[in-house]
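Some notes on the structure that comes next.
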Amino acid sequence: MKTTKILLFVALIVVLASCAVPVHIQNCVEGAKVYGFWNGIWHGLTSGISFIGSLINPEKYVVYAVNNNGGWYNFGFLLGVGGLCGGGGTTTKKVYSRKR
């Protein structure tokens with residue numbers, strides 16, 4: 001039962017993602033601002049809010065800036081998303097047993 005729900009959820013996500021309209025780099029305005037590292041961090045931190053906005057009004061809100069400077073923007077974006085989501089680290093609680 002649990003596996004069926006997970007598969008249905010994944011199928012729903014795939015179907016909804018296939019309806020997304022891509023923005024091609026050729027459509028960017030010449031001379032427009034090119035986003036760099038610091039903008040990538042900011043866009044990563046606000047990606048959750050941007051995602052909700054893109055579902056409501058996809059023409060106005062985007063999650064990822066298409067006109068970026070490449071690797072540094074991507075690195076900043078990943079740092080921002082990682083900071084938003086907790087960084088992916090885990091903590092474990094050590095239990096010590098006493099020998100008597």
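The values are calculated or read from the model by the stated rules, or taken from the named source; none is laboratory data. What you see is a predicted model; the values in this text were computed from it and never measured. Glycine gets a Cβ as well: all are built from the backbone with ideal geometry, and neighbour counts include every protein chain shown.
The set of residues in the stretch 47-67 that are touching a residue at least 24 places away in the same chain (Cβ under 8 Å), within 9 Å of the chain's Cα centre (by Cα) and surrounded by 15 or more Cβ atoms within 10 Å (Cβ to Cβ) contains only S47. Any residue at all in the stretch 21-32 that is modelled with pLDDT of 80 or more and either exposed (fewer than 15 other Cβ atoms within 10 Å of the Cβ) or part of a loop (DSSP other than H, G, I, E, B) (or both)? No, the stretch 21-32 contains no residue that is modelled with pLDDT of 80 or more and either exposed (fewer than 15 other Cβ atoms within 10 Å of the Cβ) or part of a loop (DSSP other than H, G, I, E, B) (or both). None of I49, I56 is over 19 Å from I13 (Cβ atoms) and of a type in the set (V, I, T) except I49.
Within the stretch 54-64, the set of residues being more than 16 Å from V81 (Cβ to Cβ) and in a helix (DSSP H, G or I) comprises L55, I56.
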